[in-house]
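Report on the following structure.
The values are calculated or read from the model by the stated rules, or taken from the named source; none is laboratory data. Computed from a prediction, not measured in an experiment: that's the story for all the values here. When we count neighbours, we look across all protein chains shown, and the Cβ atoms used for this are built from the backbone with ideal geometry, even at glycine. SASA here: full protein model, heavy atoms, side chains in, ligands and nucleic acids out. Shrake-Rupley method; radii C 1.70, N 1.55, O 1.52, S 1.80 Å.
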Amino acid sequence: APTVKTNAATGITASTAVLHGSVNPNRAATEYWFEYSTDSLLGQVLLQTTNHVSVGAGESIVTIDKEISGHEGKTKYYFRLVAQNSEGTIRGERQSFTTK
């Protein structure tokens, strides 16, 4: 299965943030995406996701940076990086940020 790490968000404004993480495909064709929500449980009702992006089938760590936008000001968001390949779907640690 892939190895996933979710890192802290940066570049936070009233409506945007840059999400960070890393993925190691562990020699299987892998794609990743971020899940984010105002729901601390990252439940399906409010869950939003970024586009799924391929990181190939290498065996080294790939750094991920993704800007998301269109958020409410002064609102807390929760997010995590997710990676999937033929060996499984792995969700990284949950992180949070609050828009300005």
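Quick notes on this one:
- Residue count, segment 65-96 (criterion: closer than 19 Å to Gln44 by Cα and either assigned to a strand (DSSP E or B) or at pLDDT 95 or above (or both)): 19
- Leading residue by the ranking (surrounded by the fewest Cβ atoms within 10 Å (Cβ to Cβ)) among those in segment 69-100 that are among the basic types (Lys, Arg) and touching a Gly at 6+ places or on another chain (Cβ under 8 Å): Lys100
- Evaluation of Ala57 against the conditions (1) open to solvent by less than 50 Å² (accessible area, probe 1.4 Å); (2) closer than 21 Å to Gly88 by Cβ shows that the sole unmet condition is (1).
- The listed residue being under 20 Å from Lys100 (Cα atoms) and in contact with a strand residue (DSSP E or B) (Cβ under 8 Å, 6 or more places away or on another chain), out of Glu67, Glu59, Glu72: Glu67
- Close pairs from segment 50-77: first within 14 Å of Glu31 (Cα to Cα), partner assigned to a strand (DSSP E or B) and among the basic types (Lys, Arg), Cβ under 6 Å, at least 6 apart: Thr50/Lys66
- Applying a threshold of 6 Å to beta carbon distances and a minimum spacing of six or more residues, or different chains, the list of pairs starting in segment 1-15 at a residue that is modelled with pLDDT of 95 or more and ending at one that is surrounded by fewer than 16 Cβ atoms within 10 Å (Cβ to Cβ) and among the polar types (S, T, N, Q) reads Ser15/Ser69.
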